[in-house]
Amino acid sequence: MDRSTLLAALARKTPCPSCGQRRLEFLLRCDLAFGACLYTAHCRACNDSFEIAAAAIPPDAAVLEDAVEPCPGCGGRQRRAALHCTLDTHSCAYTLECVTCVTAPP
Ligand SMILES: [Zn+2]
Ligand SMILES: [Zn+2]
């Protein structure tokens with residue numbers, strides 16, 4: 001799984017911060033003036049768009065599996081990729097969540 005495939009999978013699982021529906025689709029826009037292609041998440045339900053921060057582009061799946069520093073909260077080594085979108089900035093950020101801490105919050 002390459003990074004764009006991974007991002008697309010994450011976008012499908014992420015609820016839209018505007019309407020709450022899980023209908024985000026992943027787009028790579030290359031029609032913008034400033035050169036570099038821009039990753040965006042677009043909601044098909046409410047037609048809102050969110051920029052995915054360049055720094056948030058996930059590593060390749062192989063790198064992801066190696067990114068197993070113990071969780072500072074519980075020491076667990078299982079990680080899950082997640083995409084978090086915020087309405088304030090209209091941007092999405094990619095994070096690695098601890099499976100244990102997410103399913104059993106403090
Ligand atoms: Zn929406
Ligand atoms: Zn943890």
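Can you list the strands (runs of 3 or more DSSP E) found entirely within region 28-89 that contain at least 2 residues being of a type outside the set (V, I, T) and modelled with pLDDT under 80?
Here the list reads 79-86.
Output the residues belonging to region 90-106 that are of a type in the set (G, A, S) and at pLDDT below 80.
A104
The values are calculated or read from the model by the stated rules, or taken from the named source; none is laboratory data. Everything quoted here is computed from the prediction, not taken from an experiment.
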